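First comes the structure, then the notes that go with it.
The values are calculated or read from the model by the stated rules, or taken from the named source; none is laboratory data. Given the structure is predicted, the values throughout are model-derived calculations rather than measurements. Glycine also receives a Cβ, built like all others from the backbone with ideal geometry; neighbour counts cover every protein chain displayed.
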Amino acid sequence: MTSIKHKAQRVAIFIDVQNLYHSAKNLFKARVNFENVIKYALAGRQPVRILAYVVKSEGIETDRPAIGENAFFEALQNFGIELRMKDLQVYAGGLKKADWDVGLAVDAIRLAPSVDAEVLITGDGDFIPLIEYLQGRGTQVEVMAFGKSASGKLKDIADEFIDLGERPRVFLFKTPERSS
C-alpha cells in the first residue's frame with residue numbers, strides 16, 4: 001500500500017537506532033546511512049520532529065566504530081535529529097537491557113495531534129498496537145525497516161512499508177573489513 005504524501009504534510013519521524021543498527025550489521029555487514037533514511041522518510045514534507053532512540057553503551061560498538069559513540073550521536077544531531085538517550089543497564093548475571101519501546105510509543109501518541117503522518121523506522125513487531133492506535137485516530141503511519149528482519153504483521157498493517165534492504169546503495173554504508 002502507498003500512503004498519501006504532499007509537501008504541506010506535517011511529519012514526525014521516530015528512529016529505533018538499535019533495531020536498524022543490528023539489522024544492517026547482521027543482514028548486510030554494513031551500517032545505516034541515517035541522512036539518506038531521513039531524506040527518504042520526509043519525502044519533501046514538513047518535519048515537525050525527528051527523534052532517535054539511542055542507548056549509551058561506552059565500550060561497545062556503534063554504527064560508526066571508528067569515530068566513537070559520542071561522535072556518532074553528534075552526527076545524528078547534525079542531521080537535525082533529536083536524541084533520546086538511555087544508559088545500557090547491566091544486570092547480575094550479565095544480562096544487558098535498554099528498551100525504548102514505551103518511550104517511543106508515548107512520544108508518537110503525544111505528537112499525533114500535531115502531525116498528519118508518522119514514520120516509524122523500526123522492524124519491531126511490538127509497535128503493532130501503537131500503529132493500530134494511531135491509525136484509529138486518523139494518523140497515517142509509515143514504517144521503514146529492513147524487510148528481512150521486520151515483523152510480517154508490522155509490514156502488513158502500516159499504511160506504507162518501505163524496505164530499506166531493497167536499496168542498499170542508498171541506505172547503507174559498507175563496513176570495512178577488519179583484520180583480526
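Does region 138-147 contain any residue that is at pLDDT 95 or above, of a type in the set (Ser, Thr, Tyr) and surrounded by 14 or more Cβ atoms within 10 Å (Cβ to Cβ)? Yes, because at least one residue in region 138-147 is at pLDDT 95 or above, of a type in the set (Ser, Thr, Tyr) and surrounded by 14 or more Cβ atoms within 10 Å (Cβ to Cβ).
When GLU35, GLU74, GLU58, GLU69 are screened for being modelled with pLDDT under 85, more than 26 Å from ILE157 (Cβ to Cβ), of a type in the set (D, E, K, R) and out of contact with any strand residue (DSSP E or B) (no Cβ under 8 Å at 6 or more places or on another chain), only GLU58 passes.
Note on region 101-123: among residues that are free of Cβ contacts under 8 Å to residues at least 12 places away in the same chain and of a type outside the set (D, E, K, R), the one that is nearest to ASN19 (Cα to Cα) is VAL102. Residue count for region 11-25 under the criterion of being of a type outside the set (Val, Ile, Thr) and either closer than 17 Å to GLU166 by Cβ or not in a helix (DSSP H, G or I) (or both): the result is 6. Please determine, by comparing only the residues of region 79-104 that are of a type outside the set (S, T, N, Q), over 26 Å from ASN33 (Cβ atoms) and surrounded by 11 or more Cβ atoms within 10 Å (Cβ to Cβ), which one is nearest to the chain's Cα centre (by Cα). By that ranking, first place goes to LYS96.
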